[in-house]
Amino acid sequence: MKGGMQGMMQQVQKMQQEMQEVQEQLGRMEVSAEAGGGMIKATANGNKEIVSIEIDSQVIVADDKEILEDLVVAAVNKALQSAAKLAEEEMKKVTKGMIPPGLNIPGL
């Protein structure tokens, strides 16, 4: 029985190492989302951090400040949702379904 427990611990350690490697890779992966028909573009990395925002000069009008702000928020939210989905998909490859959905694990 000891061999079984030791083997399981080795598998857990291996999975932890693989998860850390995936998290490092996620920091280099990027997803983008647009709002306003492409006038606003937000890019996030796989760690759910916004890395850039592009704003088409046509939407920069002083009178439309609120619309611009709403479009930026929409693009950022879409990019963060895409980043979260990317992170979830990449972690599933490592955990192979061993972690139940909805279980809150830091970094996931």
### Query
In nanometres, what is the gap between the two model label sites at Glu89 and Ser52, each 7 Å from Cα along Cα-to-Cβ?
2.1
### Task
Taking only Cα atoms and a 10 Å spring cutoff, compute GNM fluctuations for the chain and point out the largest among Glu89, Glu34, Glu66.
Glu66
### Message
Projecting each Cα onto the charge dipole of the chain (Lys/Arg +1, Asp/Glu -1 at the beta carbon, about the Cα centre), which of Val76, Val51, Gln6 comes out farthest on the positive side?
### Response
Gln6
#### Entry: Principal-axis tilt of helix 65-95 within the chain, Cα atoms, nearest 10 degrees
20
### Message
How far apart, in nanometres, would the label points at Val61 and Met5 be if each is projected 7 angstrom from Cα along the Cα-to-Cβ direction?
### Response
7.1
#### Entry: Partner lysines for Lys14 [C-alpha distance under 30 Å; skip if fewer than 8 residues away on the same chain]
Lys2, Lys48, Lys85, Lys92, Lys93, Lys96
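222 nm [θ] for the chain, helices only, -39500 (n - 2.57) per DSSP H run of 4+, per residue, to 500? Don't skip to the end; give the middle numbers.
Values: 2 runs with 56 residues, N = 108.
-18500 deg cm²/dmol, from helical runs alone.
Can you pull the Kirkwood radius for the chain, inverse mean 1/r over Cα pairs, to one decimal in Å? Intermediate values should be presented prior to the final figure.
Numbers: mean 1/r = 0.0628 Å⁻¹.
Result for the chain, one decimal place: 15.9 Å.
Arrange the following residues from fewest to most other Cβ atoms within 10 Å of their Cβ: Ser52, Ser57, Ser32.
Fewest-to-most ranking of Ser52, Ser57, Ser32: Ser57, Ser52, Ser32.
Coordinate-derived values only; no laboratory data. From a predicted model like this one, the values you see are computed outputs, not experimental measurements. A quick note on method: Cβ atoms are made from the backbone with ideal geometry, for glycine too, and the neighbour counts reach across all protein chains shown.
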